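Okay, structure first, notes after.
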Amino acid sequence: MIKRTVLEVINLWFYIDFHSHVPIYQQIKDNIKSLILRGTFKPGEFIPSIRSLAHDIGVNLNTVARAYKELETEGVIRAERGEGYVVVGVDVENLKKQALEELRKAVVKCVKLGISIEELKNQIEEVFKDGAQG
């Protein structure tokens, strides 16, 4: 198993895996959406500044800025002039639809590789036991 570097930021269950194939800006986006869905960040509340978050997780300002810009384009956050970024909300149904489509593609790939349904079930159960952290 690959040892991963995981940072906890501001005690908000915000994790970045620097060894993941998923780009860091995408992980930041996914984490912020997850925090909104869990109610850690509520609509109307401000999220950490780009500079603050970049410092806390040890990444380049431009990486966080890209994540925030994409979240703004998606309508998840909104820039408040001179104030920072405020939460607008997340389209839960659209996120579920995207996640299920990604899962379907992954299952198709597994089937083509000859992975049994039992192995897939075991992996899914393991993810649920781990609390989706791994």
Subset of segment 58-73 (residues that are in contact (Cβ under 8 Å) with a residue 12 or more places away in the chain and within 16 Å of the chain's Cα centre (by Cα)): Val59, Thr63, Val64, Ala65, Arg66, Ala67, Tyr68, Glu70, Leu71, Glu72
Lone qualifier among Ile115, Ile47 - being surrounded by 15 or more Cβ atoms within 10 Å (Cβ to Cβ) and either hydrophobic (A, V, I, L, M, F, W, C) or at negative phi (or both): Ile47
Of residues in segment 14-32 being in contact (Cβ under 8 Å) with a residue 12 or more places away in the chain and among the charged types (D, E, K, R), the one surrounded by the fewest Cβ atoms within 10 Å (Cβ to Cβ): Asp17
One residue from Val127, Val108 being modelled with pLDDT of 95 or more and of a type outside the set (S, T, N, Q): Val108
Residue in segment 33-43 that is exposed (fewer than 13 other Cβ atoms within 10 Å of the Cβ), of a type in the set (A, V, I, L, M) and within 14 Å of the chain's Cα centre (by Cα) present: no
Pairs with Cβ under 8 Å, 6+ apart, first in segment 79-103 and within 13 Å of Lys33 (Cβ to Cβ), second assigned to a helix (DSSP H, G or I): Val87/Ile36; Gly89/Ile36; Val90/Lys33; Val90/Ile36; Val90/Leu37; Val92/Leu37; Leu95/Lys33; Leu95/Leu37
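The values are calculated or read from the model by the stated rules, or taken from the named source; none is laboratory data. From a predicted model like this one, the values you see are computed outputs, not experimental measurements. Cβ: placed from backbone, ideal geometry, glycine included. Neighbour counts: every protein chain shown.
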